[in-house]
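One structure is given here, and the rest of the page talks about it.
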Amino acid sequence: MLVIFRPFRVGDFIEAGGILGTVDAITLFTTELNTPDNVRVIMPNGQVWGGVVKNFAVNPTRRADLIIGISYEDNIDSAIAIARRVIEAESRVLKDPAPMIAVQALADSSVNLLVRVWTVRADFFDTQLALNKAIKEAYDAAGITIPFPQQVVHHVHENAPPAGH
């Protein structure tokens, strides 16, 4: 089936059977992948064909979604404006489709911003990594806090007097 329908070709970066890798060979019985950490994986074609195959090499563009948490005390509009300036300065971010920044969630320890940008496939990882670094540095310079998860713990003493006394 893989030989007939060709959902991927040698050289494509795919995910199949839960494994990410670059296709090195497609034989009658197996598909051989090299993972990003350079491990050779040989998968039976039945396992590949029997599951979902994601081919990251087909489309010319990719969308990067960054989730960036800011403190509840920080100004959301300021954080969005700073992220927008960083995105506009990054030459690998495509203008069309337009980048998007929005409040994604009011999480336990942070207000999570969704930063969504498009880039050409070959620049996807480098752009995503560069934006994470640049936004963090811009937030640091502006005093915007990226909080870490926190919990409030109430310690009850066994010999403490009952409440209200």
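The values are calculated or read from the model by the stated rules, or taken from the named source; none is laboratory data. What you see is a predicted model; the values in this text were computed from it and never measured. Because the Cβ atoms are built from the backbone with ideal geometry, glycine has one as well, and the counts that use them run over all protein chains shown.
None of Asn132, Asn112 is in contact with a Gly (Cβ under 6 Å, 6 or more places away or on another chain) and of a type outside the set (Gly, Ala, Ser) except Asn112. The residue list Asn55, Asn59 contains one member that is surrounded by 14 or more Cβ atoms within 10 Å (Cβ to Cβ) and not hydrophobic (A, V, I, L, M, F, W, C), which is Asn55. For segment 1-49, the tally of residues that are among the charged types (D, E, K, R) and either part of a helix (DSSP H, G or I) or more than 26 Å from the chain's Cα centre (by Cα) (or both) stands at 1.
Residues are listed down the side, and each one gets a yes or a no for (1) of a type in the set (Val, Ile, Thr); (2) within 25 Å of Tyr139 (Cα to Cα); (3) assigned by TED's automatic domain parsing to the domain that holds Ala134:
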| position | (1), (2), (3) |
| --- | --- |
| Pro7 | no, no, no |
| Gly18 | no, no, no |
| Asp37 | no, no, no |
| Gln47 | no, no, no |
| Ala98 | no, yes, yes |
| Leu113 | no, yes, yes |
| Val120 | yes, no, yes |
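Taking the conditions exactly as written (outside the structural domain of Gly11 (by TED's automatic domain parsing), surrounded by 17 or more Cβ atoms within 10 Å (Cβ to Cβ), hydrophobic (A, V, I, L, M, F, W, C) and over 21 Å from Phe13 (Cβ atoms)), does Ala102 satisfy them or not? Judged against the criteria, Ala102 is not a match.
Of all the listed residues (Arg116, Arg92), the sole one being touching a helix residue (DSSP H, G or I) at 6+ places or on another chain (Cβ under 6 Å), at pLDDT 95 or above and under 30 Å from Gly18 (Cα atoms) is Arg92.
Considering segment 72-86 alone, what residues qualify as being over 15 Å from Leu131 (Cβ atoms) and either among the aliphatic types (A, V, I, L, M) or surrounded by fewer than 16 Cβ atoms within 10 Å (Cβ to Cβ) (or both)? If the condition is that a residue be over 15 Å from Leu131 (Cβ atoms) and either among the aliphatic types (A, V, I, L, M) or surrounded by fewer than 16 Cβ atoms within 10 Å (Cβ to Cβ) (or both), then Tyr72, Glu73, Asn75, Ile76, Asp77, Ser78, Ala81 are the ones that fit.
Yes or no, residue by residue, for (1) touching a Leu at 6+ places or on another chain (Cβ under 7 Å); (2) among the charged types (D, E, K, R):
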position	(1), (2)
Val10	no, no
Glu15	no, yes
Asp24	yes, yes
Leu28	no, no
Val58	no, no
Ser78	no, no
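Quick one: how many residues across segment 95-130 are closer than 24 Å to Ile76 by Cα and part of a loop (DSSP other than H, G, I, E, B)? Qualifying residue count for the region: 8.
What about Ile144, is it over 17 Å from the mean Cα position of the chain (by Cα), outside any helix (DSSP H, G or I) and buried (at least 17 other Cβ atoms within 10 Å of the Cβ)? It is true that Ile144 is over 17 Å from the mean Cα position of the chain (by Cα), outside any helix (DSSP H, G or I) and buried (at least 17 other Cβ atoms within 10 Å of the Cβ).
Residue-level analysis places Ala89 outside the set of residues that are surrounded by 14 or more Cβ atoms within 10 Å (Cβ to Cβ), closer than 14 Å to Ile135 by Cβ and out of contact with any Gly (no Cβ under 7 Å at 6 or more places or on another chain). Annotation: of all residues in segment 50-89 being modelled with pLDDT under 95 and aliphatic (A, V, I, L, M), the one that is nearest to the chain's Cα centre (by Cα) is Ala57.
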